[in-house]
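Reviewing the structure listed below.
The values are calculated or read from the model by the stated rules, or taken from the named source; none is laboratory data. In this text, all values refer to a predicted model and were calculated from it rather than measured experimentally. Glycine gets a Cβ as well: all are built from the backbone with ideal geometry, and neighbour counts include every protein chain shown. Accessible surface is based on the protein model in full, side chains and every heavy atom, while ligands, DNA and RNA are left aside. Shrake-Rupley method; radii C 1.70, N 1.55, O 1.52, S 1.80 Å.
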Amino acid sequence: MESFWKDLRYAFRMLLKSPGFTLVAVLALGLGIGANTAIFSVFDGMLWRPLPVKNAKQLVVLASKTRDFQFPLNLAYPDFEDYRQLKTVFSDLVVYSPSPVNFGAQGRPERAWVDLVSGNYFSALGIEPALGRTFAPDEGWVQNKDPLIVLSYKFWQKRFGGDSRVIGQTVQVDNQPFTIIGVAPAPYVGAYYFIEPDFYLPLSTVGLLDPTQANVLTNRNASFLRVLGYLQPGVTPTQAMAAAEPIDRRLVQDFPDSHKGLSLLVLPELSARPEPGLGAFMSTAVIVFMLLVGLVLLIACANVANLILARANGRRKEFATRVALGASRWRMARQLLTETVLLSVFGGILGMLFARWAGMALTGIHIPTDIPLRLFDLRLDWRIFSFAFFAALATGVVAGLVPSLQASRADLADTLKAGGRSGGGSASHRFRNALVISQVAVSLLLLACAGFFIRSLQNSAHMDMGFRVDHTLMMSVDLGLQGYTEERGQQFFKQLTEHVRALPGVRDAAVSAFVPMGYDNSGVSVYPDGRVIDDKSTTDVVFDDMVQPSYFRTAGTPVIRGREFTDADSAATPKVAIINEAFAQKIWPGQDPIGKIFRTQKDGPPIQVVGLTRTGKYLFLYETPQLYAYFPLAQRYNSGANLFVYTQNDPQQLVSAVRDQISQLDANLPVFAVTTMDAHVQYGKPLLPARLGAMLVGAFGFLGLVLASVGVYGVVSYSVSQRTQEIGIRAALGAQRSNVLGLVLKQGMSMALIGTAVGIVLSFLLFRGLSSVLYGVKSTDFVTLSAVSALLLAVAFAASYVPALRATRVDPVVALREQ
């Protein structure tokens, strides 16, 4: 132990004696470790960090799955009650449903987000309140009873200033009185990763909040609940699904319209993030990003190894003298390893600072929506600290092991005879050159990946999404939260579009229930007339939207066949729909869909297809073609709606005027999600994943470029210092400056060219793993590869030119005298 402290003190003194070397090495390691820690933090918060509840690793998610549909569905409340009876399988089940509400008693209410939860939600998850109490297990089960509210810790601090006297106060939620009974603990921010609720209400009060949803808890078609639960000891998710099969068969038999083809899906909660059905995509994304950021750390290690080698060669006389005085080779290697590990510890500390800075940059990303999204949970915990610590420790060992062994094996007699002037031999030079070549190759690989992601983002931005992106203003209202009846709501929407359409600069306006690629959507089952539905066949589920007649002109979604909706398509007239080409090809392949009849319930009213649109993008940018149907808002009312305003000029200039029109119709109606379609596409759900990918991989490429340039500069600069005598002799014999310049540049550019060639080959190999997360980019994208290669070679040339220029200024007399 005493020798360890001696090594540590000596290592610290030696690092202080070489501040330039120490600063460059710590910066390189800090960048590499910081990038790895930041990416690990992102995935840890999103995918690996358990919820702060009891037995979090035993928590499972329940959903409904179909044979053909990629994304599992939520459960209806009666189904939850049925599965809850499997006491031998589930020890406890809870439900929750994120929902927007209006909060406030006087003046203009504010829009807030609530989790509607079952009465046993807090007790089953083992969540203890920070203040007051939570719902009792017997509360929240009887409809329209227990109007109680539990505030989130953040909302309590923001809205009530952390006042403990809040307990017992009555507040208005959707114009209904609710009594505050408690405050949730600060660490708990909800069970759904993406949305952080402001407070919690019993699910039984859903009918109080919205009278139109009074029967939602008895409706088998109302699949809106997210379900969590615990399995009994020894029961696996697969066994749970097998045990639920009798219930699945009974539900299909008793409720074929809503349950045909459905069965229970049980997944561990950590495996269901961020959404059930995205596991394969997220696994690919994790592998790709951790591999790329690992390459940044690899370049940093190679860089530091090169610096250590160069520094060790400069200390050969010191090492030889210490060996001559009796120091063992293992002791010498251990001393150098101590220095590299100490460097890595400093690099790890700096890396944590870099990671926090990167985390602040990520959390500062603005998403154009009023939904309290929680994309990045970058809180530091023992996982983050452990990862950073082990990354720093491994980096120190990897970066210092080979240089330490080489330095400890120096030939004693030759070193003392040379007086420490030897550069370490050709083997040492070759090893350092190989390290630089590997840095350049990996740097080009990172730059190529960055180029691929940027090209993918550019291609995605120019993709035909099926709607107009420019000159469109959007804002949202929810009349149901203000207690509007359907008749009053229809009248409000009609008056709103008429008033907005009359504003100067407005080309058209329309209301729809959903925003393309927004955060809400709905779907219906389709029963085409003439098709026999038996027990073996499955019904098709299509996504849908409810729109006003002017929607297709306003949103830029043209009807290519048939007709648009008109004001004549009212609640009193036959039901009609406009479908997309994917719908037509799947249901009526090779036939004219105009005039065809389908139903959304087996015995429901007939719906005639009157128009056809092209297939666009509805859920995600890279989705497979989805079946989609539009229905007249007059025939299928939806209280939550989005106003689209097609303008002549900048849509932001109309925000105040449109708000005024809404205020004139209802001064107390909250307006939210005010944005433009361009902002929604560029910075919202459509392009945000691609933009984040391009930003992160671009940062990796930049770090790799910087580190590689430092590596080239370090090796060439060290070579110049070791060849001072040779350069002096060449100059004395008449060598021109251009000859010396070319000699040194040849060394640096040779390594850069070899590394670039290797990097191009690696880029082709890695592209196969990236192809699933890129759009419109080919592995033979020579434009991107040529651009990044030219950039890398230009930087390598600059890194080589500086020491080469210094070499041309060597005075032959001074150089020979010093040698």
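Quick notes on this one:
- Degrees separating the helix 279-314 axis from the principal Cα axis of the chain, which is the longest one: 20 degrees
- Gain upon complete extension [Ala461, Gln682; 0.36 nm per residue less C-alpha separation]: 78.8 nm
- Placing dummy labels 7 Å off each Cα toward the beta-carbon, the span from Ser271 to Ser738 is 7.0 nm.
- Think of a 1.4 Å ball rolled over the protein heavy atoms: the chain then has 43 Å² of accessible area per residue.
- Overall form of the chain per C-alpha gyration tensor (a/c, 1.5; a/b vs b/c): prolate
- In this structure the amide hydrogen of Ala191, modeled in the peptide plane, comes within under 5 Å of no amide hydrogen from residues 5 or more places off or on another chain.
- Gyration tensor (alpha-carbon) shape descriptor, the range 552-612, a/c threshold 1.5: oblate
- Heavy-atom accessible area for Glu245, with the other protein chains in place and a 1.4 Å probe, reaches approximately 90 Å².
- Heavy atoms of Lys586: accessible area, 1.4 Å probe, square angstrom to 10: 110 Å²
- Eligible aspartates and glutamates near Lys87 by straight Cα distance, threshold 20 Å, same-chain separation 8 or greater: Asp79, Asp138, Glu245, Asp248, Glu269
- Potential lengthening between Lys6 and Lys602 on full extension [0.36 nm per residue; Cα-Cα distance subtracted]: 206.2 nm
- FRET E, pair Lys158, Ala568, Förster distance 45 Å, beta-carbon r, rounded to 0.05: 0.40
- Taking 0.36 nm per residue of separation and subtracting the current Cα-Cα distance, fully stretching the chain between Glu726 and Ile349 would add 131.5 nm.
- With all protein chains in place and a 1.4 Å probe, the accessible surface of the chain carries 58 percent carbon and sulfur.
- Area accessible to solvent at Ile729, 1.4 Å probe radius, in Å²: 70 Å²
- Tensor-based shape of the range 106-239 (alpha-carbon gyration tensor, a/c under 1.5 rounded, otherwise prolate or oblate): oblate
- Helix 655-665 axis, angle to the chain major axis (alpha carbon atoms, nearest 10°): 20 degrees
- Taken along its principal axes, the alpha carbon cloud of the range 669-748 reaches lengths of 89, 19, 17 Å, longest axis first.
- Spin-label model distance (nm) - Glu81 vs Tyr775, 7 Å beyond Cα toward Cβ: 4.3 nm
- Listed pairs Lys494/Lys575; Lys65/Lys778; Lys57/Lys158 exceeding 27 Å between Cα atoms: Lys65/Lys778; Lys57/Lys158
- If both residues of a DSSP beta bridge must be in the chain, then about 80% of such bridges are antiparallel.
- Placing dummy labels 7 Å off each Cα toward the beta-carbon, the span from Asn144 to Tyr622 is 4.9 nm.
- Taking amide hydrogens as placed 1.01 Å from N in the peptide plane, the amide H of Ala184 sits under 5 Å from those of Ala130, Leu151, Ser152, Tyr153, each at least 5 positions away in sequence or on another chain.
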